[in-house]
Protein chains: 2
Amino acid sequence: MHERALHTRATLIRAAAEVFEECGYHGAGINRILTKAGVTAGAMYFHFKSKESLARAVMLEQATDVTLPQQPQGLQQLVDVTLALARELQSNTLLRAGVRLAVDQGGPAVQDDTVYMWWAERFREELVAARREGELLASVDDAEFANVLVAAFTGTQLKSQFSTGWADLPLRIMSLWRYLLPGIATPEAAARITLDSERRLPWE
Amino acid sequence: MHERALHTRATLIRAAAEVFEECGYHGAGINRILTKAGVTAGAMYFHFKSKESLARAVMLEQATDVTLPQQPQGLQQLVDVTLALARELQSNTLLRAGVRLAVDQGGPAVQDDTVYMWWAERFREELVAARREGELLASVDDAEFANVLVAAFTGTQLKSQFSTGWADLPLRIMSLWRYLLPGIATPEAAARITLDSERRLPWE
């Protein structure tokens, strides 16, 4: 794609994220997105054929603006990635819109749970590293636990959204880890992990 | 309330559950609910002033048709209650509609998280019983864990809804417990707990 087309696509995704975040999937109007993006309908249809395909792009590209470490390293980094996501949800519009769409029962996730599988795979890679480092209990099935974690994170962010607008999400994610860690980490590894919602993340 | 008024109210809630379950909060029309219930608008307004108040009733009374044990007994019963809910979600329209509304980001839960607190309190009572029975680790904060469990259950049911229409929810809830139990139960108690998604529940 030419640079200009890429720019138009990115502008559309960002404008759509703002509108989906504000109005939800059903409430979002194409015209409002186009006005916000300053893009014509014709230019949009070159990239996205429908509101649904635009929503799917926002959902799948939700993590574009989130800085995450490149190399899997194990349990502390897995904890830290979930903490980073919890913090980003407080202010990152694209992530927030993408997550909102992913839990919308009338939205694109009903037909397509790719984004859940994507996060599960991201988390699983940290578990594979954790296994290599000797941090995991032998009983842990890494794919199973990765799915458990994605689901638990999803519900925790939704509940935090309703009760505090995500303000307490970092604390809630650390609460979740308090009860999940003993089920996956060796006692030695568990004792080394820091569950501090104020922690400065190594890659930031 | 007279018996007839109670009957009308219950009929409205059941009809509303069917329509919310099918169409979501925004898609549900009052007229469709009235037609299904065979109730006039005047009779409805005696009980519910708006679609929102009807939705709130469906959300809050979601467990009306679910048989749950009366006396808290501890960890096995806590596991079994979550298993019962997982199974009921496969076929119980009122529960399904109430849960659907509770996770709808444009629905009544945005203003009112009472139903989440209600479940957390129900789960906490089992943890109090578990503590009395010596099943809990000293480190467990029962209110904190009850909230973790509500959030984790919520996300697990949502993900199961998207990927299999709740078909795999009992298995997924047992997966969740596999990783949560070591964080709350003494090793002796954990060894006694049955995590079997096919388990016949004692109160059924």
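Structural remarks
One line per residue, one yes/no per condition, for (1) closer than 29 Å to A:Ile184 by Cα; (2) part of a helix (DSSP H, G or I); (3) touching a helix residue (DSSP H, G or I) at 6+ places or on another chain (Cβ under 7 Å):
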position: A:Leu12; (1), (2), (3): no, yes, yes
position: A:Thr35; (1), (2), (3): no, yes, no
position: A:Ala63; (1), (2), (3): yes, no, yes
position: A:Gln71; (1), (2), (3): yes, no, no
position: A:Gln76; (1), (2), (3): yes, yes, no
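- For segment A:70-87, a residue qualifies if it is farther than 22 Å from A:Ala97 by Cα and at pLDDT 95 or above, and the qualifying residues are A:Gln71, A:Pro72, A:Gln73, A:Gly74, A:Leu75, A:Gln76, A:Gln77, A:Leu78, A:Val79.
- Search result, residues across segment B:75-88 that are within 12 Å of the chain's Cα centre (by Cα) and either of a type in the set (Phe, Trp, Tyr) or more than 13 Å from every other protein chain (Cβ to nearest Cβ) (or both): B:Val81, B:Leu83, B:Ala84, B:Leu85, B:Arg87, B:Glu88
- In segment A:35-67, the residues that are of a type outside the set (S, T, N, Q) and without any contact (Cβ under 8 Å) to a residue 12 or more places away in the chain: A:Ala41, A:Gly42, A:Tyr45, A:Lys49
- Selection status of B:Met44, in contact with a Pro (Cβ under 8 Å, 6 or more places away or on another chain) and not in a loop (DSSP other than H, G, I, E, B): no
- Taking segment B:108-122 as the range and being open to solvent by less than 20 Å² (accessible area, probe 1.4 Å), within 16 Å of A:Gly155 (Cβ to Cβ) and either in contact (Cβ under 8 Å) with a residue 40 or more places away in the chain or part of a loop (DSSP other than H, G, I, E, B) (or both) as the test, the residues that pass are B:Ala109, B:Val115.
- When A:Thr82, A:Thr35, A:Thr40, A:Thr8 are checked against the criterion of being under 30 Å from A:Ala152 (Cβ atoms) and among the hydroxyl-bearing types (Ser, Thr, Tyr), a single residue qualifies: A:Thr82.
- Qualifying residues in segment B:1-50 (those that are within 14 Å of chain A (Cβ to nearest Cβ) and charged (D, E, K, R)) - the one surrounded by the fewest Cβ atoms within 10 Å (Cβ to Cβ): B:Glu22
- Residues of segment A:175-197 satisfying the condition of being in contact (Cβ under 8 Å) with a residue 60 or more places away in the chain and among the β-branched types (Val, Ile, Thr): A:Ile184, A:Ile193, A:Thr194
- Test: residue in segment A:195-202 that is among the hydroxyl-bearing types (Ser, Thr, Tyr) and assigned by TED's automatic domain parsing to the domain that holds A:Ala86: no
- Looking at segment B:123-204, the helices (runs of 4 or more DSSP H) lying wholly inside it that each contain 1 or more residues that are in contact with a Lys or Arg (Cβ under 8 Å, 6 or more places away or on another chain), within 11 Å of chain A (Cβ to nearest Cβ) and open to solvent by 50 Å² or more (accessible area, probe 1.4 Å) sit at B:142-164, B:169-184.
- Count of segment A:96-111 residues, restricted to those that are more than 15 Å from A:Ser160 (Cα to Cα) and either more than 14 Å from chain B (Cβ to nearest Cβ) or among the charged types (D, E, K, R) (or both), is 1.
- Tabulated pairs, segment B:73-102, first over 18 Å from B:Ala151 (Cα atoms), second at pLDDT 95 or above and basic (Lys, Arg), C-beta under 7 angstrom, 6+ apart or interchain: B:Leu94/B:Arg14
- Subset of segment B:108-156 that is among the small types (Gly, Ala, Ser) and over 16 Å from the mean Cα position of the chain (by Cα) - its residue that is nearest to B:Cys23 (Cα to Cα): B:Ala143
The values are calculated or read from the model by the stated rules, or taken from the named source; none is laboratory data. Since we're looking at a predicted model, the values are computed, not measured. No Cβ is skipped: glycine too gets one built from the backbone with ideal geometry, and neighbour counts run over all protein chains shown. In case anyone asks, the SASA skips ligands and DNA or RNA and just uses the protein heavy atoms, side chains included. Shrake-Rupley method; radii C 1.70, N 1.55, O 1.52, S 1.80 Å.
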